[in-house]
Amino acid sequence: MDDVEVEYVFVYGTLRPGYSRLNLGSSSLQPPNVLHQNGKYVGSATLFGFELFDTGHYPGIRQQRSSQSCSFVNGDVFQIQGVNASQVLNELDVYEECSLMDPLPHEYTRKVGWH
């Protein structure tokens, strides 16, 4: 049996399923459908020890800075697999402007987590 590449992707903000179906009109902020078309929706998820912050134009996520309370971020998880997995991740990187083609420094980075 061949090994099949399987990735799980946690998304928040504009990449969540409900947001991608909003009619944004002429806005340049049109989330890609590649994740929804090529991924399998696993379910909602919560990341503990992380927090949202306002970048001024859109939400960012970072590790919690204070140990005073337990922060968390709600989002969704998708499973992508096979030869499309790398393509899907690359297209998401282009949307987030953190691909190899985007100038440094990047505001976003793709972090490898656990499942």
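All of the numbers you see were taken from the coordinates with simple rules; none came from a lab. A quick note: this is a predicted structure, and the numbers were derived from the prediction, not measured. Neighbour counts are summed over all protein chains in view; Cβ atoms, including those assigned to glycine, are modelled from backbone coordinates with ideal geometry.
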* At 7 Å along the Cα-to-beta-carbon direction for both Ala45 and Glu97, put a label point, then send me their distance in nm to one decimal. => 2.6
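Just to confirm a number: summing +1 for Lys and Arg and -1 for Asp and Glu over residues other than Asp102 whose beta-carbon lies under 11 angstrom from that of Asp102, what do you get? List each step's numbers first, then the result.
Working: positive: none; negative: Asp93, Glu96, Glu97, Glu107.
Result for the local shell: -4.
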* Can you list, bin by bin at 10 Å, the percent of alpha carbon pairs in region 61-115, starting at 0? -> 18, 41, 31, 9, 0
